[in-house]
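The values are calculated or read from the model by the stated rules, or taken from the named source; none is laboratory data. No experiment lies behind these values; they were computed from the predicted model shown. Virtual Cβ from ideal backbone geometry, glycine too; neighbours counted across all protein chains shown.
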Amino acid sequence: MLKIYNTLARDKQDFKPITLNSVRMYVCGMTVYDYCHLGHARVMVVFDMVYRWLKASGYDVTYVRNITDIDDKIIKRAAENKESIHALTARFIAAMHEDADALGVQHPDHEPRATQYVAEMLEMIAQLEKNGLAYRAADGDVNYAVRKFAGYGKLSGKSLEDLRAGERVDIAGNKNDPLDFVLWKHAKEQEADEVKWDSPWGKGRPGWHIECSAMGSEILGKHFDIHGGGADLQFPHHENEIAQSEGAQLHEKGSRGQYVNYWMHNGFVRVDEEKMSKSLGNFFTIREVLKKYDAEVVRFFILRAHYRSPLNYSDVHLDDAKKALERLYTALKSITPPGLPLSGEETGSPPDETTSHSTKTSKNDVQVAGYDKWRLGGVVVDWNEPYAQRFKTAMDDDFNTPEAVAVLFDLANEVNRTQSAQAAAQLKALGAVLGLLQRDPQAFLQRGAGGLDDAAIGAQIEARLAAKKARNFAEADRIRKELLEAGIVLEDTPQGTSWRRA
RNA sequence: GGCGAGAUAGCAAAAUGGUUAUGCAGCGGAUUGCAAAUCCGCCUAUCCCAGUUCGAUUCUGGGUCUCGCCUCCA
């Protein structure tokens, strides 16, 4: 049985879906005013892994990952760039999809954008006002009255008293309580029409937290199974989401319904033991890193750590991950798995083939073609086999991917030792569950474009072969050394000489 | 200041009240014309101090240090 660490309970709990055999999951996505960095990569990859494991476990999963496309930082950036909000967000949504695509992240079933759910947000704000939880402040903002919501702080483990005592809580003049947060921001004159919506409280735009409450309940219902996001969203964002979503339900049968059953939070990516973040300026964008490292190496790097642990980024660690992944591909290289449908559409289609994604369209979702190229159909895993059982046990224990990856290495050893095609098939199939190991091993090991092209390498190999035949080993070794200096490693096998990039 | 998470070998990272994690690096052997890859073997560990226990890295208490949230953040 799957156990999930639930932030709400501060403990691992048995996972029991609300509806038999189906899971509804919402993950807080990105605010699109800049390129995604490695921290965003971690959220996308981690919850992609969760999504895949739930599906592999037989659940019918509905996965929602939102896009925040209206917000202070977006408005500011658009003004700086002298471009429209729409142009800015469209650009960075496309960039985000490219990054996600490269990392083998499957397309969520729904990818709602805040600007397209303003009506639902207004509805919810109205309901909150009706329930006595929202009020209009002197400056025209509509705020949430935190102290009126019993249980505020239950997710983050904070009490209103503790928070008030905190030195970092500003006293905002327009709020009844410094901890109250904005539901609806009144329009400022200098702002573009683009960021002004009509509302019963005058022109304005939504606060940040309300979008997730509105989109979550609109698409997944008022009560769903899993809500995820980065650990920094636990407070205040997710705390406020609970206050909004559960607060809005107060009128129903007089009792407050539960919003989400399991809250999941992934750990941070760090640089030199410090959180990677925009404000610290110590971030690496995904595309920056992908110039240097293969995307699957980055994905492997993320998944070999547990999702709740901190993950330190450095070249040394990426180099390490690269070599480790090469070991797995090397094991697959010489073995042809039996004709099982392991990837693509059962036809052994190459991994770079773009398959059309099958997004279930909810009313206003973004769709981007070619997003989903690593989506795999028909993965065949023999779950009764001992390695697969270990893998499953690990994954069922709060998605213990480090342990699951360790099983992959044990399986690789088995493959190398026994040359078993079955074991190789199992390795590839289990890899697919994590979104790994689906490329042609040869292509993976020869990837990159360092200096020599294939033809030049081939010619050198031929020349060396001739030298070897003439028993001119000095010449043969000279050629090999020359190739090595160009980053090409030769491997003589009974089947002939093959090469890979170091 | 309040709240929370964590300290495992050279590096990374799991697990466990007693029995090989795993990967990278290193050492020895097999294999190879020499290599590479692979296989076999080896090395290096559980922050400190108490307590519980036959036995603690694992449980309890204290300490030290690190990190995070309390402001936008994945």
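Things to note:
- So A:SER199, is it closer than 16 Å to A:ALA126 by Cβ, more than 13 Å from RNA strand B (Cβ to nearest atom), in the same structural domain as A:ASP71 (by TED's automatic domain parsing) and not in a helix (DSSP H, G or I): yes
- Among the residues making up segment A:35-79, those that are near RNA strand B (Cβ under 8 Å from one of its atoms) and of a type in the set (Asp, Glu) are A:ASP71, A:ASP72.
- Residues that are over 26 Å from A:VAL269 (Cβ atoms) and in a helix (DSSP H, G or I) within segment A:216-241 comprise A:SER217, A:GLU218, A:ILE219, A:LEU220, listed in sequence order.
- Test result for A:GLY247, in the same structural domain as A:HIS37 (by TED's automatic domain parsing) and either modelled with pLDDT under 95 or in a helix (DSSP H, G or I) (or both): yes
- Yes/no for A:GLY267 being within 14 Å of RNA strand B (Cβ to nearest atom) and among the small types (Gly, Ala, Ser): yes
- Qualifying residue in segment A:1-22 (condition: among the polar types (S, T, N, Q), on the phi > 0 side of the Ramachandran plot and more than 11 Å from RNA strand B (Cβ to nearest atom)): yes
- The single condition among (1) surrounded by fewer than 24 Cβ atoms within 10 Å (Cβ to Cβ); (2) touching a Ser or Thr at 6+ places or on another chain (Cβ under 9 Å); (3) not β-branched (Val, Ile, Thr) that A:ALA248 does not satisfy is (1).
- When restricted to residues that are more than 7 Å from RNA strand B (Cβ to nearest atom) and either part of a loop (DSSP other than H, G, I, E, B) or of a type in the set (Ser, Thr, Tyr) (or both), segment A:399-410 contains 2.
- Residues of segment A:278-297 satisfying the condition of being within 8 Å of RNA strand B (Cβ to nearest atom) and either at pLDDT 95 or above or surrounded by 17 or more Cβ atoms within 10 Å (Cβ to Cβ) (or both): A:PHE283
- Selection status of A:PHE300, farther than 24 Å from A:VAL407 by Cβ, aromatic (Phe, Trp, Tyr) and more than 9 Å from RNA strand B (Cβ to nearest atom): no
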